[in-house]
Amino acid sequence: MKRHQLLRATIGLVFFQCAVSFAQSPAIAYPQRPIELVVPASAGGGTDILSRAFSDAARPFLSQPVVVVNKSGASGGIGHSEVANAKPDGYKLAMVTVELVTLPHLGTAKFTMDDFIPIVRLNADPSAVTVRADAPWNTIEEFLDAARKKKGEISVGNAGTGSIWHLAAVALEEKTKTQFIHVPFQGGAPAVLALVGGQLDAVTVSPAEVSAFVASGKLKTLAVMADKRVKSFEKVPTLKERNIDLSIGTWRGLAAPKGTPPEVIGALVAAATSTGQGAQLRDSMDKANLGYSFADSAAFRGDMVRENAFFKELISKLNIKN
């Protein structure tokens, strides 16, 4: 009898240990601690604003907080690299940007899009040509005419050499036979502040990153590089309306390091989808003039593949050297 009792106790202990182990698996218990969301840009820019809005809106859908950490530098290369090389356990994610598919073709990054697993895309924004409110140019034509007459004298700020806002300005040069002085910063926000302070003639960042200063009357946007006019900037023409065939901009979304377990990715996709399609995040994005553009994991991956091919060709065509 004692032997049978001992056997039952042993079996019970084994089942108990298995149950505990199963309950602690990522599929059941993830996340067990805060999740770090790396922003590959400085505070105050569009990527940072979106990341913090996502962090707030995700609270009802995750049992642990999403902590935003800014890792700016190298046109987004530092932040992207940190996540690409992170332990693939779901506790360090990236708010990836279009630089994920531009920097590798410039030879300035060791990572590629294949080092990440897309979770969801949340946003897409075009580049916009913005100047100080007291600048002598009131139309994009006047600005470009001045750039032709003063070749290499008009300064245009960007978010770093090789960033999407740098590529936008270079592409504009190529399309319009102009020449600018390109001034790099560690993100769009510092470039905008330099423009407000009179240290630059223009920036080619997104409408979201200049919207507060445009609303306050300190800056004015001359054109957007989009297929159609942008919400809250309805009075601003597109370049295509001015017979300049150029549309270029960024996108932003969540991604995890390659090798992250499928069950963790599944939990992240579920939480990020609920957050991304929820009213709180959309309201926050609207207030910040960030373009809402949701895509699930598969669609996001497909867009990355197409964008990768597009920028590979564009960078080769423009012969951009970092």
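So here's what we get for this one:
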read-out	value
Filter pass, Lys235 being assigned to a loop (DSSP other than H, G, I, E, B), over 17 Å from Leu144 (Cα atoms), at pLDDT 95 or above and open to solvent by 50 Å² or more (accessible area, probe 1.4 Å)	yes
Neighbours by Cβ (under 6 Å, 6+ apart or cross-chain): first from the stretch 35-56, outside any loop (DSSP other than H, G, I, E, B); second open to solvent by 10 Å² or more (accessible area, probe 1.4 Å) and among the basic types (Lys, Arg)	Glu36/Lys92; Val38/Lys71
Yes/no for Ala272 being modelled with pLDDT under 95 and closer than 23 Å to Val66 by Cβ	no
Condition broken by Leu254, with the remaining ones in (1) surrounded by fewer than 21 Cβ atoms within 10 Å (Cβ to Cβ); (2) at pLDDT 95 or above satisfied	(1)
Asp283 being surrounded by fewer than 22 Cβ atoms within 10 Å (Cβ to Cβ), without any contact (Cβ under 8 Å) to a residue 24 or more places away in the chain and either assigned to a helix (DSSP H, G or I) or β-branched (Val, Ile, Thr) (or both)	yes
Subset of the stretch 238-270 that is among the aliphatic types (A, V, I, L, M) and part of a loop (DSSP other than H, G, I, E, B) - its residue that is farthest from Met95 (Cα to Cα)	Ile244
Members of the stretch 35-61 that are surrounded by 22 or more Cβ atoms within 10 Å (Cβ to Cβ), over 18 Å from Ala74 (Cα atoms) and not hydrophobic (A, V, I, L, M, F, W, C)	Ser51
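Here is a yes/no grid of residues against (1) surrounded by fewer than 19 Cβ atoms within 10 Å (Cβ to Cβ); (2) among the β-branched types (Val, Ile, Thr); (3) closer than 19 Å to Ala168 by Cβ:
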position	(1), (2), (3)
Thr102	no, yes, yes
Pro118	no, no, no
Asn123	no, no, yes
Ala128	no, no, yes
Trp137	no, no, yes
Ile140	no, yes, yes
Phe143	no, no, yes
Ala146	yes, no, yes
Lys150	yes, no, no
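The values are calculated or read from the model by the stated rules, or taken from the named source; none is laboratory data. These numbers were taken from a predicted model, which means no experiment stands behind them. Backbone-built Cβ (ideal geometry, glycine too); neighbour counts: all protein chains shown. Protein only, heavy atoms only, side chains kept; ligands, DNA and RNA dropped before computing areas. Shrake-Rupley method; radii C 1.70, N 1.55, O 1.52, S 1.80 Å.
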